[in-house]
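The values are calculated or read from the model by the stated rules, or taken from the named source; none is laboratory data. Here the structure is a predicted model, which is why all the values come from computation and not from measurement. Cβ coordinates were reconstructed from backbone atoms using ideal geometry, including for glycine residues, and neighbour counts include every protein chain displayed. These area figures cover heavy atoms from the full protein model, side chains too; ligands, DNA and RNA do not enter into them. Shrake-Rupley method; radii C 1.70, N 1.55, O 1.52, S 1.80 Å.
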Amino acid sequence: MKIRIFVVASVVCICALIAMGQSKKRPSPSPSPTPASSWNDYEGVKWQKGNSVGTLGDIAQVKVPEGFVFAGANDTRLIMEANQNPTNGRELGFVAPENENWFAVFEFDDVGYVKDDEKDSLDADALLDSIKKGTEAGNKERLRRGWATMTIVGWEQPPHYNDLTHNLEWAVKATSEGFPVVNHNTRMLGRGGVMEVTLVTDPTALAETLPKFKTMLQGFEFKQGHRYAEFRAGDKTAAYGLTGLIVGGGAAALVKTGAFKWVWKALVGAAVGISALVKKLFSRSRTA
């Protein structure tokens with residue numbers, strides 16, 4: 001099973017999309033989606049079975065339910081690299097059910113404490129317009145390289161911030177060569193940065209998968225000393241707020257730290273268009 005990361009970078013938006021494909025060592029596609037237990041095919045990856053607790057660096061942890069598997073930071077990078085995907089060093093964990101075809105990747109961005117004072121003023125229409133502009137800018141590069149372009153359709157789920165859990169969530173609907181693409185994002189705010197959780201699933205199965213994903217996320221928590229409520233005067237503060245998390249407001253910070261080089265590498269280094277990968281995995285059961 002291949003994981004491809006596609007990053008569309010522009011002055012207004014950095015939009016990460018992950019799509020799944022089929023591994024070369026995998027047998028011919030079966031009529032139904034391949035269960036996540038096939039992750040065990042990866043050599044060198046130390047899988048942790050549920051019922052257990054997965055360690056996400058020294059920052060956080062997540063309960064691994066019965067019937068799920070977990071891979072830590074180094075093993076998550078092994079999975080990514082084995083499938084020819086660039087890694088950024090921020091990967092902390094990977095969680096997937098053994099008998100269903102979806103998974104989640106955990107990454108931590110140590111941008112500092114993100115103030116949530118925009119929680120009551122998030123403008124969904126303006127945010128969507130910014131994402132569309134960013135995607136259009138990215139499409140110019142895709143066309144130049146002969147890759148499939150993307151068209152933003154609208155919100156699958158408008159941005160929503162839970163001021164009790166300090167979680168920001170949104171999902172964008174798009175199409176590429178007629179195939180649906182859903183980019184589902186969860187940002188979990190901590191004292192020193194943001195835990196980014198990306199859900200990867202068949203867009204047509206999102207409604208069914210999302211409740212299970214959210215149930216799994218209930219087992220996530222920052223460790224003591226890293227929780228949002230433990231912010232103290234003098235702590236590092238992010239240069240942007242909730243709006244920036246959605247439309248890629250961290251681009252300026254990335255340029256300053258040099259991390260933007262990785263973003264560009266991910267953009268120009270993707271091997272194929274996203275639609276081909278969506279087609280490869282997610283159309284199997286439909287064409288059977």
Practice problem: Please list 112-123, 169-180 highest first by mean number of surrounding beta-carbon atoms within 10 Å per residue. | Solution: 169-180, 112-123
Quiz item: Amide H to amide H, which residues 5 or more places from residue 98 or on other chains are under 5 Å from it, using H placed in the peptide plane?
Solution: 68, 69
Practice problem: Starting at the first residue of segment 106-119, write each ³J(HN,Hα) from the Karplus equation 6.51 cos²θ - 1.76 cosθ + 1.60 with θ = phi - 60°, in whole Hz, x for Gly and Pro. | Solution: 9, 9, 10, 10, 8, 6, x, 6, 8, 5, 9, 6, 9, 4
Quiz item: Roughly how many whole Å is it from the C-alpha centroid of segment 159-238 to that of segment 138-156?
Solution: 24 Å
Quiz item: In terms of modelled amide H atoms, which long-range or inter-chain residues lie less than 5 Å from the amide H of residue 115?
Solution: 238
Quiz item: Heavy-atom accessible area of residue 47 with all protein chains present, probe 1.4 Å, nearest 10 Å²?
Solution: 50 Å²
Practice problem: Please go through the residue pairs 49/212; 173/236; 115/212; 133/212; 140/173; 46/214 and name each one whose alpha carbons sit more than 23 Å apart in this structure. | Solution: 173/236; 115/212; 133/212; 46/214
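For segment 43-111, which trypsin sites (Lys or Arg not before Pro) are both in a DSSP coil and crowded by at most 14 other Cβ atoms within 10 Å? Write down the numbers at each step before the final one.
On the way: sites: 46, 49, 63, 77, 90; in loops: 46, 90.
Answer by residue number: 46.
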